[in-house]
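Worksheet: the structure to be examined is printed underneath.
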Amino acid sequence: MTRAEAHAAILAKFPDAIVRDGREGKEAGDPYLVVKAERLHDVVKWMKEDPGMRFEVLQCLSGVDYGKDLASVYHLDSWTNKVTVCLRVELPREKPEVASITDLYGAADWHEREAYDLLGITYTGHPKLVRILCAEDWVGYPLRKDYVFPKEYHGIKNDL
Amino acid sequence: MPPTAPPVNPANQNQDLLTKDTILLTTVEDFVNWCRRSSVWPLTFGLACCAIEMMAVGATKFDIDRFGSGPFRGTPRQADLMIVAGTVTHKMAPRVKRLYDQMAEPKYVIAMGACTIGGGPYWKYGYHVVKGVDLVIPVDVHVVGCPPRPEALLEGVFKIQDLMKREKLLDRLRTYHKRETYKGAGNAAMPAPGTPGR
Amino acid sequence: MSPELQSPPLAQPRAPGDVRTEEMLLNIGPQHPSTHGVFRVVVQTDGEIVLDSEPHIGYLHRCFEKIAESVDYLKVTPYTDRLDYLASMCNNLGYCLTVEKLMGLQIPRRATRLRMIVAELNRVASHLLAFGTYGMDSGAITPFLHAFRDREAILKLFEIICGQRLNYNYVRIGGLAEDAPPRWLDQVAAFVDFFEPKIDEYDALLSYNGIFIKRAANIGVLPAATAISWGCTGPVLRGSGVRRDIRKDEPYLEYDKVEFDVPIGRGEVGTLGDCWDRYMVRVREMREACKIVRQVLKDVPEGPVMAPEAKKVLRPPKGEVYYRIENPRGELGFYVVSDGKDKAVRIKCRSPAFCNLSVLREIAHGCMLADMIMIIGSIDFVMGEVDR
Ligand code: SF4
């Protein structure tokens, strides 16, 4: 299966869930699909479980701050069909919320915690959504573009 | 012309046949310092990349055992020397401090690598990196490099040995008080802002 | 020990004769001689049996991703070095290949071949360290000394080409920092000749040592399905019998032109997917790496090592790209989002050890406390890469 075929299959199955097909733009790099946040879980579940798709691996989950919007980007892999598909969910800055896919992939657990930690994206349904990399009482979401570096932390100066 | 030894005053010579040539006289201080500096036991305390070089120092080619510092201890209570090898982050800083407090006096600290000296490559954008371990604990010797070569770390250990050699037993009390300023300042075992040291 | 375990206690396995034991929360790390860096795991034990464990990471969070989007593309390579500091060459390679893919850069052939050599040598060096420290975890100090002796030989080779023993910053976007000096390739060939027989020595020393097998076999069994679901890659996945290697499946550089095997665990001395299998995959991979280096050495053309387009400030076109390579620890992926400026919008590193480590809780359930150390060692993670 090629990536274009995988895209076509997803578009055929969920015509209403896909906001836009990244291939249509004149961008370099990999094509991607932009998925509606509320349908993401359905799409991923179908991709994992459908015998024709078999996307058994969550390769990478990254939170991205595009400046205006946040996004949660999923790279799913099918080792059977040798194809990778990139799904993107665009989330509003004020209330970034998307359903967790930890019930489908174990790997999503730490990745989602990381995106929550660094970008403040809330994954509803995650069993334990707490900070993973920064200290527990860290303030702010470091990877957001408007993040202000802390002046000090627990009495240790940070801006020397 | 080779230098000749100065003539020895016969009154100072050891006349006792039994102990002749077998007794060395020294001060208690020198003797104690000699013992201590010949077996400096470091704490196994690797944080990041520099720790790999610290392992290299302990391993075959560089072999810190030659200088009496071979036994890397697993617990701070058996160690004399803390080699802070790697980046100290804000999450780790309280632990560093606690380990330091758990070491028995007299204790020494080597800050190994650019990160522990002042943040190193993470100085500017590293929001989560402590900009130098001497904001948290007092440091005796800084070893520069990113990572320092094993030879450089050995040199750092020698510097610590020099420190020990010069140490006066009575001064111990004073250094202890100097370290006291780091202790107990701030909860979570953190130093108060603006502690001396950099 | 402040943070409590969240999950409810599992059903208590009772020893025969129902000896009353007490449940206990035990904290291992972040400073512990055998946690391979600043890694902390809170273990809930019932007597000697591990009921549940919760890894805590982040003690080495060095803000790689923030730095990567704050400096321009060329300046990221020193930081990729420091992600997985045992395999800096491979890390740089992963990042550079990603940006090169985004820009469509063509790399001179000599650079490609040299990259393969340094990447494979670095794989050997990294596995050597894993081998040595794993011996140490199981109570054998001697393998560590042997491994470091041979690792020094590799570091010497790297020092000749780039002047550093660690964190090489040798692979750059567009090629390599420097050409290899004359006769370096001969030295590499000499090293491979010297090193290959040593692997037999390691096998005799540790791999087939009865005590070691007793400690590593049947311990920490990771079924293939769990490994796949948790995104495990590299020796951890292959130890469970899944033949997955990016070098074979999605060849980069010129890996499709060399012949090598992908060793997988076969459960020779115990169950498939136990600690010994994971360990043995690494030892066998060292042999394969030597094989690859030998083949690459046969054909290293003369010529430049840097693409001429890559020497100015880089402004990759707008777009995003995900690319991955096979690191010694597994699949190292970089996800780069560019908006056409000289700084990236986002560089995410999908580090193999991050995913491999997350499976610890699944493996460790029900094992003995003393085996916990063996399991942690067999995953072979580097905290620099887990925490970034
Ligand atoms: S000084 Fe350099 S080598 Fe040492 S821990 Fe920091 S980044 Fe790593």
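Working only within the stretch C:331-388, note down all residues that are among the acidic types (Asp, Glu), more than 9 Å from chain A (Cβ to nearest Cβ) and under 15 Å from A:LEU133 (Cβ atoms).
C:GLU385
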Identify all residues within the stretch B:77-101 that are farther than 20 Å from B:ALA152 by Cα and open to solvent by 10 Å² or more (accessible area, probe 1.4 Å); write none if there are none.
-> B:ARG77, B:GLN78, B:LYS91, B:PRO94, B:ARG95, B:ARG98, B:LEU99, B:ASP101
Is it the case that some residue within the stretch C:305-312 is within 20 Å of the chain's Cα centre (by Cα) and away from chain A (no Cβ under 14 Å)?
-> no
Failed item in (1) in contact with a Gly (Cβ under 8 Å, 6 or more places away or on another chain); (2) closer than 20 Å to B:GLU53 by Cβ; (3) crowded, with 24+ Cβ neighbours inside 10 Å, with C:LEU102 passing the rest = (2)
If the Cβ limit is 6 Å and pairs must be 6+ apart or interchain, which residue in the stretch B:97-121 that is within 14 Å of chain C (Cβ to nearest Cβ) and among the polar types (S, T, N, Q) pairs with which residue that is within 16 Å of the ligand (Cβ to nearest atom) and in a helix (DSSP H, G or I)?
-> B:THR116/B:VAL133
Would it be correct to say that A:HIS41 is touching a strand residue (DSSP E or B) at 6+ places or on another chain (Cβ under 6 Å), part of a helix (DSSP H, G or I) and buried (at least 19 other Cβ atoms within 10 Å of the Cβ)?
-> no
Kindly indicate the residue of the stretch B:60-83 that is part of a strand (DSSP E or B) and more than 11 Å from chain C (Cβ to nearest Cβ) and also farthest from the ligand (Cβ to nearest atom) among those meeting that condition.
-> B:LEU81
Counting residues that are away from chain C (no Cβ under 12 Å) and under 12 Å from the mean Cα position of the chain (by Cα), which strands (runs of 3 or more DSSP E) fully inside the stretch A:49-155 reach at least 1?
-> A:83-91, A:97-99, A:122-124
Does the stretch B:139-153 contain any residue that is within 14 Å of chain A (Cβ to nearest Cβ) and either away from the ligand (no atom under 15 Å from the Cβ) or not aromatic (Phe, Trp, Tyr) (or both)?
-> no
Within the set of pairs 6 or more residues apart or between chains, which connect a residue that is free of Cβ contacts under 8 Å to residues at least 24 places away in the same chain and open to solvent by less than 20 Å² (accessible area, probe 1.4 Å) inside the stretch C:68-80 to a residue that is of a type in the set (A, V, I, L, M) and outside any helix (DSSP H, G or I) with Cβ atoms less than 9 Å apart?
-> none
Would you mind telling me which numbered condition in (1) of a type outside the set (Gly, Ala, Ser); (2) more than 10 Å from the ligand (Cβ to nearest atom); (3) open to solvent by 10 Å² or more (accessible area, probe 1.4 Å); (4) modelled with pLDDT of 85 or more B:PRO121 fails?
-> (2)
Does C:TYR79 satisfy the criteria of being more than 11 Å from every other protein chain (Cβ to nearest Cβ) and not in a loop (DSSP other than H, G, I, E, B)?
-> no
Assuming B:ILE160 fulfils every condition listed in (1) under 16 Å from B:VAL88 (Cα atoms); (2) open to solvent by less than 10 Å² (accessible area, probe 1.4 Å) apart from one, which condition is it?
-> (1)
Across (1) under 21 Å from C:ASP193 (Cα atoms); (2) crowded, with 17+ Cβ neighbours inside 10 Å, C:GLN295 clears everything bar (2)
Might you check whether a residue that is within 13 Å of the ligand (Cβ to nearest atom), away from chain C (no Cβ under 11 Å), more than 16 Å from the chain's Cα centre (by Cα) and open to solvent by less than 10 Å² (accessible area, probe 1.4 Å) occurs anywhere in the stretch B:131-138?
-> yes
Give the stretch C:194-229 a look and list any residue that's β-branched (Val, Ile, Thr) and either part of a helix (DSSP H, G or I) or over 20 Å from the mean Cα position of the chain (by Cα) (or both), or say none.
-> C:ILE199, C:ILE211, C:ILE213, C:ILE219, C:THR226, C:ILE228
Across the stretch B:102-118, what is the total count of residues that are open to solvent by less than 10 Å² (accessible area, probe 1.4 Å), within 15 Å of the ligand (Cβ to nearest atom) and either within 27 Å of B:ASN33 (Cα to Cα) or over 17 Å from the mean Cα position of the chain (by Cα) (or both)?
-> 3
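Among the residues of the stretch C:226-264, how many are basic (Lys, Arg) and open to solvent by less than 40 Å² (accessible area, probe 1.4 Å)?
Total meeting the criteria: 3.
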Report, by residue number, each residue of the stretch B:39-59 that is touching a residue at least 60 places away in the same chain (Cβ under 8 Å), away from the ligand (no atom under 15 Å from the Cβ) and either β-branched (Val, Ile, Thr) or assigned to a helix (DSSP H, G or I) (or both).
-> B:VAL40
Scan of the stretch B:88-107 for residues that are of a type in the set (D, E, K, R) and in a helix (DSSP H, G or I), ordered by number | B:ARG95, B:LYS97, B:ARG98, B:ASP101
Can you name the residue in the stretch A:5-30 that is of a type in the set (D, E, K, R) and in a helix (DSSP H, G or I) and, of all such residues, is modelled with the lowest pLDDT?
-> A:GLU24
If you go through the stretch C:79-90 one residue at a time, do you hit one that is more than 16 Å from the ligand (Cβ to nearest atom) and not hydroxyl-bearing (Ser, Thr, Tyr)?
-> yes
For the stretch C:140-178, which residues satisfy the criterion of being away from the ligand (no atom under 16 Å from the Cβ), within 13 Å of chain B (Cβ to nearest Cβ), open to solvent by 30 Å² or more (accessible area, probe 1.4 Å) and of a type outside the set (A, V, I, L, M, F, W, C)?
-> C:THR142, C:HIS146, C:ARG149, C:LYS156
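Tell me which residues, restricted to the stretch C:48-68, are more than 8 Å from every other protein chain (Cβ to nearest Cβ) and assigned to a helix (DSSP H, G or I).
C:PHE64, C:ALA68
Going by the conditions given, is B:VAL88 within 16 Å of the ligand (Cβ to nearest atom) and either in contact (Cβ under 8 Å) with a residue 60 or more places away in the chain or touching a Cys at 6+ places or on another chain (Cβ under 6 Å) (or both)?
Here the answer is no, as B:VAL88 does not meet what is asked.
The values are calculated or read from the model by the stated rules, or taken from the named source; none is laboratory data. In this text, all values refer to a predicted model and were calculated from it rather than measured experimentally. No Cβ is skipped: glycine too gets one built from the backbone with ideal geometry, and neighbour counts run over all protein chains shown. Surface areas here come from the heavy atoms of the whole protein model, side chains and all, with no ligands, DNA or RNA. Shrake-Rupley method; radii C 1.70, N 1.55, O 1.52, S 1.80 Å.
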